[in-house]
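Colleague: Here you go, one structure.
The values are calculated or read from the model by the stated rules, or taken from the named source; none is laboratory data. Computed from a prediction, not measured in an experiment: that's the story for all the values here. Glycine gets a Cβ as well: all are built from the backbone with ideal geometry, and neighbour counts include every protein chain shown. Heavy atoms of the whole protein, side chains included, go into the accessibility calculation; ligands, DNA and RNA do not. Shrake-Rupley method; radii C 1.70, N 1.55, O 1.52, S 1.80 Å.
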Amino acid sequence: MPLSTQSQDDDEQNVLVASLDNARNLSNILKAITFKDHAIFTATSNGLQVTVEYCKTLQATAFIQAGIFQEFTMKEDLVAFQINLTVLLDCLNIFGGMPVAGTSTALQMCYKGYGYPLTLYLEEGGVVTVCKIKTQEPEELIDFDFCSTNVINQVILQSESLKEAFSELDMTSEVLTITMSPSRPYFRLSTFGNSGNAHYDYSKDSDMMEMFRCTKMQTNRYKVSLLKPSTKALALSCKVSVRTDNRGFLSLQYLIRNDDGQHCYVDFYCCPDEEGEED
């Protein structure tokens, strides 16, 4: 592959080198969390983690495991920087975002460390383009402290069923209420919009329900404006895990299958609408 020779002279200087035969395996999952311009990139030996936050009430993280990459080399235990996600996606799609049968865009990402740009080498059909994107010092991420030991309720659904629910509920509603219970209604989504109140119920024995683990009745409200960004991930996913903890915080984990059939994950954490509950 031509890209293998692109950065040989700089290999000793790079603290991170990551290569993909198909750049879409990165760009597609990044699209799932592109609701703000800037993102924090964190690389460890496990892979790449890309996080976007909004108003300290919503956090989205895409995980691309090291095994997804054809090459993933690090010379430091932890590499982190902030980057403009919109610019990065534009670069990744520089040869066009739509796949063409028999062709793909190869990608090599190189980063020399603090103060240096993220350098992208993109190759398609023998043509190589080099993009350099300015990086910044990463801002401190919010710790939502969502611990699995504090999870009260969890369901795993096929994504198609959640897409159907969102299409039938009235999304003019300011809030979405999620009820999870060991007994009826088991798992209920409710909205209160211009068309009136709407409910969408799932039985714990539904064909769409892959796992149902609810220990106590719990009803929480979440701002629809905070949940709407997650619909990008929902559209790309095949399964979704819905969890709530003892504080009412919501975790949505989407399983996304890339062009090569490999699995990546996108996590959304959302605070409950406490103001609405007080009303």
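Colleague: Residue 213 is checked against (1) open to solvent by 40 Å² or more (accessible area, probe 1.4 Å); (2) touching a helix residue (DSSP H, G or I) at 6+ places or on another chain (Cβ under 7 Å) and fails just one. What number does that condition carry?
Modeller: (2)
Colleague: Select from region 133-173 the residues that are open to solvent by 50 Å² or more (accessible area, probe 1.4 Å) and either aliphatic (A, V, I, L, M) or in contact with a Cys (Cβ under 6 Å, 6 or more places away or on another chain) (or both) and list them in ascending order.
Modeller: Residues satisfying the conditions are 141, 171.
Colleague: Something else: Restricting attention to region 240-264, which residues are open to solvent by 70 Å² or more (accessible area, probe 1.4 Å) and touching a helix residue (DSSP H, G or I) at 6+ places or on another chain (Cβ under 6 Å)?
Modeller: Going through region 240-264, the residues open to solvent by 70 Å² or more (accessible area, probe 1.4 Å) turn out to be 246-247, 257, 259-260, 263.
Hits for region 240-264 are 246, 259.
Colleague: For region 34-60, name all the residues that are farther than 24 Å from residue 116 by Cβ and open to solvent by less than 30 Å² (accessible area, probe 1.4 Å).
Modeller: 58, 59, 60
Colleague: Inside region 1-79, counting only strands (runs of 3 or more DSSP E) that do not spill past its ends, which hold 2 or more residues that are within 12 Å of the chain's Cα centre (by Cα) and at pLDDT 95 or above?
Modeller: Working: elements: 16-20, 38-44, 47-54, 58-65, 71-74.
Result: 47-54, 58-65.
Colleague: Let me ask something additional. Quick one: in region 168-183, which of the residues that are hydrophobic (A, V, I, L, M, F, W, C) and outside any loop (DSSP other than H, G, I, E, B) is farthest from residue 58 (Cα to Cα)? Talk me through it step by step, then tell me what you get.
Modeller: Restricting attention to region 168-183, the residues satisfying the condition of being hydrophobic (A, V, I, L, M, F, W, C) are 169, 171, 175-176, 178, 180.
Checking the rest, the ones that are also outside any loop (DSSP other than H, G, I, E, B) come to 175-176, 178, 180.
On the way: 175: 15, 176: 15, 178: 17, 180: 21 Å.
This residue is 180.
Colleague: Restricting attention to region 174-204, and to residues there that are open to solvent by less than 20 Å² (accessible area, probe 1.4 Å) and of a type in the set (Phe, Trp, Tyr), which single residue is nearest to residue 220 (Cα to Cα)?
Modeller: Taking the candidates together, the pick is 187.
Colleague: Look at residue 190 and say whether it is touching a His at 6+ places or on another chain (Cβ under 7 Å), farther than 14 Å from residue 32 by Cα and at pLDDT 95 or above. So that I can check it myself, show each step before the final result.
Modeller: On the way: touching a His at 6+ places or on another chain (Cβ under 7 Å): yes; farther than 14 Å from residue 32 by Cα: yes; at pLDDT 95 or above: yes.
Criteria met by residue 190.
Colleague: Among (1) under 18 Å from the mean Cα position of the chain (by Cα); (2) modelled with pLDDT of 95 or more; (3) of a type in the set (Gly, Ala, Ser), there is one condition residue 181 misses while meeting the rest; what is its number?
Modeller: Result: residue 181 fails condition (1) only.
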